[in-house]
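Working notes for the structure below.
The values are calculated or read from the model by the stated rules, or taken from the named source; none is laboratory data. Everything numeric in this text was worked out from a predicted model, so none of it was measured. Using ideal geometry, Cβ is built from the backbone for each residue, glycine included, and neighbour counts are taken over all protein chains shown.
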Amino acid sequence: MTDRSGDPDSPDSLGTAAAPRPDVGGATRAPLSRRSILTTAIAMIDEHGLRYLTMRRLGEALGVEAMALYHWVRGREDLLNGIVEQLVDDLYGDPEVHLDTGHNWPDYLQRVAHGVRRIALAHPQVFPLIATRPPAAPWVRPPLRSLRWMESFLQQMRSCGFDDAACVASYRAFSSFLLGHLLLEVSAQGADVSPIEQEDPDRDPDETDLSSYPLLQSLEPELSQDHSAEEFEEALETLIERLDQSRS
């Protein structure tokens, strides 16, 4: 196991976003609710990996029949999406993350990045869901499941004077860097980063209600464009420049 005693983002450090892990097999259980179901599911994945999670096993851990869970979650897809939402909610509860930029966008990006990394290190087996779940808005590039986080991010960058194009460019660069780096990091810890679950291919792409995310909705034309090739070249050139500077 990697020694992270000196890592400020490790689950043992102050300011961690990691929630306490319940005892999956314990005798004392919280009343059944959507949150208790999601919390137990996260704990099961932390302990056994994503492939272990089934509605039957989750019901057993909660002391109920699997069918009782469907009052709170519509099925496995809704369960996995809810897990992502709960992880992102941890970011909003992290006292080290200031989700209001105060017009200091570099500090905002630093704090959000470290907050997301704390979540990844606390839940390495769960974290890949953030990047691999089909996006709630399928036209977003690069895809990200959490519309709440995207709307908040875009609003903060706009408040710092970024125009629409710059907001989208900053989202693309920041999310690509963050998720790409952290997926590699949790993979090194043994997390399974390969896609496991697939959304129903017959799902209506227009069924997502975006009324709560007006800025995200207004930026659909920009967010739906795929500039992967250009962005790859720019990132590669920047890396080469930094390596060249390190020689001196």
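In this structure, ALA166 does satisfy being among the small types (Gly, Ala, Ser), over 29 Å from LEU79 (Cβ atoms) and out of contact with any Cys (no Cβ under 8 Å at 6 or more places or on another chain). Checking each residue in the stretch 178-195 for being over 14 Å from ALA113 (Cβ atoms), at pLDDT below 90, surrounded by 13 or more Cβ atoms within 10 Å (Cβ to Cβ) and hydrophobic (A, V, I, L, M, F, W, C) picks out ALA191, VAL193. Could you tell me whether any residue of the stretch 199-219 is at pLDDT 90 or above, exposed (fewer than 14 other Cβ atoms within 10 Å of the Cβ) and not in a helix (DSSP H, G or I)? The answer is no; no qualifying residue exists. A single member of TYR70, TYR108 is assigned to a helix (DSSP H, G or I), surrounded by fewer than 16 Cβ atoms within 10 Å (Cβ to Cβ) and of a type in the set (Phe, Trp, Tyr), and it is TYR70.
The residue that is nearest to the chain's Cα centre (by Cα), among those in the stretch 49-67 that are surrounded by fewer than 18 Cβ atoms within 10 Å (Cβ to Cβ) and touching a residue at least 60 places away in the same chain (Cβ under 8 Å), is GLY49. Filtering the stretch 68-84 to residues that are farther than 15 Å from THR132 by Cβ and in contact (Cβ under 8 Å) with a residue 60 or more places away in the chain leaves nothing. Determine whether the stretch 59-80 contains at least one residue that is out of contact with any Pro (no Cβ under 7 Å at 6 or more places or on another chain) and farther than 19 Å from SER36 by Cβ. Among the residues of the stretch 59-80, at least one is out of contact with any Pro (no Cβ under 7 Å at 6 or more places or on another chain) and farther than 19 Å from SER36 by Cβ, which makes the answer yes.
Among the conditions (1) of a type outside the set (Lys, Arg); (2) assigned to a helix (DSSP H, G or I); (3) within 11 Å of the chain's Cα centre (by Cα); (4) modelled with pLDDT of 90 or more, the only one that MET150 does not satisfy is (4). Considering (1) surrounded by 12 or more Cβ atoms within 10 Å (Cβ to Cβ); (2) modelled with pLDDT under 80; (3) hydrophobic (A, V, I, L, M, F, W, C), the lone condition that MET1 does not fulfil carries the number (1). One residue alone among PRO22, PRO11 is part of a loop (DSSP other than H, G, I, E, B), modelled with pLDDT under 95 and either of a type in the set (D, E, K, R) or within 18 Å of the chain's Cα centre (by Cα) (or both), and that residue is PRO11.
Here the stretch 85-105 is the region considered, the condition is being free of Cβ contacts under 8 Å to residues at least 12 places away in the same chain and closer than 25 Å to LEU50 by Cα, and the residue that is surrounded by the fewest Cβ atoms within 10 Å (Cβ to Cβ) is TYR92. With respect to the conditions (1) among the small types (Gly, Ala, Ser); (2) closer than 18 Å to ARG35 by Cβ; (3) free of Cβ contacts under 8 Å to residues at least 60 places away in the same chain, GLY161 falls short on a single one, namely (2).
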